[in-house]
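Notes to accompany the following structure.
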Amino acid sequence: MKVTTCLNPLHTAMSIYGCLLGYTLISEEMGDEDIRAFIQKIGYIEAMPVVTDPGVLNPYEFIGDVINRRLPNPFMPDTPQRIATDTSQKLSIRFGETIKKYIDRGLNMDNLVLIPLVLAGYARYLKGIKDDGTPFNPSPDPMLGELQALVSPLEIGRPDQDWSCLKDLYNREDIFGLNLYEAGLGARVEGMVRELFAGPGAIRATLHKYASRR
C-alpha cells in the first residue's frame, strides 16, 4: 500500500516536478495547487483501484493523512532533491506495479493519465533544465549518465526534432518494470514529453493542463 500507491509514488512525482519547478522543500510544494492536485489524483483516482489493502488501516485515510498532515509539515524538512536520488531504481516499483495490475485485471488504461505524466516528466528531468530554462544537477543515480545519454539529442523549444530516442528510454523494462509501448502507454507518454519540451513555462502549463482537468 505504502510503496506502490499511497506514499512513495506521490513522493517520486513530487521529487521530479519539484526539481523541475525549482522547489527545495516538499512542504513548500504542497502549497502549489497543481502539484497538490497532481498527487491527490494519482493516489485517489489512478492508483487506488489496484491498492493492496493491508486490512489494519484504511488506504483512503492513509492517503488523507499523507497529503493533509505529513507532506505539508514544515518541521519535516525533506527535499525533492533527496527523494529524487536513485529514481531509476524506484520507478518500476512505484509506478510499474500499478500499470501491471491494470493490465492483469483488464482495467481501462485510458484512466491512467497522471502516472504517465510522471514518467514523461522523467525524460525532462534527465535533461537537467528547469522550467525557467536554468540548469540543475539531477540527484545521484547509478544509471544517470546512461539515461541522460538517451535523451541528450532532445532540445527544449524545438517541436520539429527527431523524438525517436524516447523509444530507447520508455521500452526499458529495467527502469519502468515493463515496456511502456507493449503496455499501450508509450505513445501517450511520448506526447506528454513533447509538451514538456515545448519551451520555458511548458512544464507548468502541462502539469496544470492534466492535473486540473480530472
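The values are calculated or read from the model by the stated rules, or taken from the named source; none is laboratory data. What you see is a predicted model, and the numbers here were worked out from it, not measured in a lab. Virtual Cβ from ideal backbone geometry, glycine too; neighbours counted across all protein chains shown.
The residues listed here are ILE35, ILE39; of these, the one that is more than 20 Å from LEU107 (Cα to Cα), surrounded by 14 or more Cβ atoms within 10 Å (Cβ to Cβ), modelled with pLDDT of 95 or more and not basic (Lys, Arg) is ILE35.
Filter the stretch 146-172 down to residues that are touching a residue at least 40 places away in the same chain (Cβ under 8 Å) and under 18 Å from the mean Cα position of the chain (by Cα), then give me how many there are. Residues in the stretch 146-172 being touching a residue at least 40 places away in the same chain (Cβ under 8 Å) and under 18 Å from the mean Cα position of the chain (by Cα): 4 in total. Of the helices (runs of 4 or more DSSP H) contained entirely in the stretch 1-85, those carrying at least 2 residues that are of a type in the set (Ser, Thr, Tyr) fall at 8-20. Just one residue in the set VAL113, VAL151, VAL193 is crowded, with 17+ Cβ neighbours inside 10 Å, in contact with a Phe, Trp or Tyr (Cβ under 7 Å, 6 or more places away or on another chain) and among the β-branched types (Val, Ile, Thr); that residue is VAL113. Given the structure, is ASP132 more than 28 Å from ALA149 (Cβ to Cβ), surrounded by fewer than 21 Cβ atoms within 10 Å (Cβ to Cβ) and not hydrophobic (A, V, I, L, M, F, W, C)? Spelling it out, it is not the case that ASP132 is more than 28 Å from ALA149 (Cβ to Cβ), surrounded by fewer than 21 Cβ atoms within 10 Å (Cβ to Cβ) and not hydrophobic (A, V, I, L, M, F, W, C).
When the stretch 80-129 is filtered for residues that are of a type in the set (Phe, Trp, Tyr), touching a Pro at 6+ places or on another chain (Cβ under 9 Å) and within 15 Å of VAL193 (Cβ to Cβ), only TYR125 remains. Suppose the filter is crowded, with 20+ Cβ neighbours inside 10 Å and either more than 24 Å from SER212 (Cβ to Cβ) or modelled with pLDDT under 95 (or both); does THR52 pass it? Judged against the criteria, THR52 is not a match. Of the candidates PHE75, PHE62, the single residue that is crowded, with 17+ Cβ neighbours inside 10 Å and farther than 29 Å from ARG172 by Cβ is PHE62.
Okay, residues lined up against (1) assigned to a helix (DSSP H, G or I); (2) among the hydrophobic types (A, V, I, L, M, F, W, C):
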position	(1), (2)
GLY133	no, no
GLY145	yes, no
ILE175	yes, yes
LEU180	no, yes
GLY191	yes, no
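Is there a residue being over 30 Å from ASN108 (Cβ atoms), aliphatic (A, V, I, L, M) and outside any helix (DSSP H, G or I) anywhere in the stretch 195-214? Within the stretch 195-214, none of the residues are over 30 Å from ASN108 (Cβ atoms), aliphatic (A, V, I, L, M) and outside any helix (DSSP H, G or I).
Please indicate, with yes or no, whether at least one residue in the stretch 110-126 is without any contact (Cβ under 8 Å) to a residue 12 or more places away in the chain and either part of a helix (DSSP H, G or I) or under 20 Å from ILE203 (Cβ atoms) (or both). Checking the stretch 110-126: at least one residue is without any contact (Cβ under 8 Å) to a residue 12 or more places away in the chain and either part of a helix (DSSP H, G or I) or under 20 Å from ILE203 (Cβ atoms) (or both).
Name the single residue, out of those in the stretch 78-108 being of a type outside the set (Val, Ile, Thr) and more than 17 Å from the chain's Cα centre (by Cα), that is surrounded by the most Cβ atoms within 10 Å (Cβ to Cβ). Only one residue fits best here, namely TYR102. As a summary of the residue check, GLU28 satisfies the conditions (1) at pLDDT 90 or above; (2) within 23 Å of LEU112 (Cβ to Cβ) except for the one numbered (2).
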